[in-house]
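The values are calculated or read from the model by the stated rules, or taken from the named source; none is laboratory data. As the structure is a prediction and not an experimental result, all values here were calculated from the model. Note that each Cβ is placed from the backbone with ideal geometry, even for glycine, and that neighbours are counted across all protein chains shown.
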Amino acid sequence: MKYENPVIPYDDMPKYAKVVLEPIEKAYKKVLYINWAIAYAILLLTASLLFIFIKSMQIGWLIAAVALVIIILMAITIASIEIGFKNKAWALREKDIIFKKGWLFQSTHIIPFIKVQHCVMHSGPISRRYGLASIKLMTAASQNIDISISGLKQATAEQLKVFIMEKIEGYEPTN
């Protein structure tokens, strides 16, 4: 058997960028804001209780420094949600799924269905309130290649999970 490895010209390579990516649901932005608001409420409550009940922490500059740090963290969170939300998108193709995310550091994952070992649909209480869910695709890769697509409509996530599970080799649905 003769080994062959021909060169593929650049123009003949498939162009994933030509794929029109579907944005995640706009309602997911509300879910992100609510989740972060809860986290910051807990942080503010904890900091307030510490300053109220621990006399040694009742120093003006310390209170101001903690308040400034919290304000900066909130600003970064808001920027992250606003800018990062625009860049989250996905596309389903016959043999793979594409997921793009990030704002400072952008990444595009293309996972062939043949590499998917497990698919999980997840929906938290706030996401469920808005009719949203997430899909997580797990592969055997060790370089953190698993992807989680949040902000999908519940029905879309369910259809996507069924579609992907049918593409996984050896999968047999249970009734």
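Tally the residues that are closer than 23 Å to PRO125 by Cβ, without any contact (Cβ under 8 Å) to a residue 24 or more places away in the chain and polar (S, T, N, Q), restricting the search to region 28-58.
As a first pass, look at region 28-58 and keep what is closer than 23 Å to PRO125 by Cβ: 28-46.
With the extra rule that they be without any contact (Cβ under 8 Å) to a residue 24 or more places away in the chain, the set shrinks to 37-39, 41-42, 45-46.
Still in the list and also polar (S, T, N, Q): 46.
Residues in region 28-58 being closer than 23 Å to PRO125 by Cβ, without any contact (Cβ under 8 Å) to a residue 24 or more places away in the chain and polar (S, T, N, Q): 1 in total.
List, please: which pairs have Cβ atoms under 6 Å, are six or more places apart or on different chains, and start with a residue in region 146-160 that is farther than 14 Å from ALA91 by Cα and in contact (Cβ under 8 Å) with a residue 12 or more places away in the chain and end with one that is buried (at least 17 other Cβ atoms within 10 Å of the Cβ) and among the hydrophobic types (A, V, I, L, M, F, W, C)?
Going by the 6 Å Cβ cut-off, the qualifying pairs are GLN154/ALA133.
Just one of the numbered conditions (1) surrounded by 15 or more Cβ atoms within 10 Å (Cβ to Cβ); (2) of a type in the set (S, T, N, Q); (3) in contact (Cβ under 8 Å) with a residue 40 or more places away in the chain is not true of THR139; which one?
Exception for THR139: condition (3).
Regarding region 100-112, can at least one residue be identified that is surrounded by 15 or more Cβ atoms within 10 Å (Cβ to Cβ) and within 14 Å of ILE24 (Cα to Cα)?
yes
Here's the yes/no breakdown for (1) under 22 Å from ILE149 (Cβ atoms); (2) surrounded by 13 or more Cβ atoms within 10 Å (Cβ to Cβ); (3) among the basic types (Lys, Arg); (4) out of contact with any Ser or Thr (no Cβ under 6 Å at 6 or more places or on another chain):
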position	(1), (2), (3), (4)
ASN5	no, no, no, yes
PRO14	yes, no, no, yes
VAL20	yes, no, no, yes
LYS55	no, no, yes, yes
ILE63	no, yes, no, yes
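Residue by residue through region 120-165, note down the ones that are in a strand (DSSP E or B), more than 16 Å from LYS26 (Cβ to Cβ) and either at pLDDT below 90 or of a type in the set (A, V, I, L, M) (or both).
VAL120, MET121, ILE135, LEU137, MET138, THR139, ILE147
Pairs only if they're at least six apart or on different chains, beta carbon under 8 angstrom, first in region 59-83 and in contact (Cβ under 8 Å) with a residue 12 or more places away in the chain, second small (Gly, Ala, Ser); list them, first residue then second.
Close Cβ pairs (under 8 Å, with a partner that is small (Gly, Ala, Ser)) amount to VAL66/ALA47; ILE70/ALA47.
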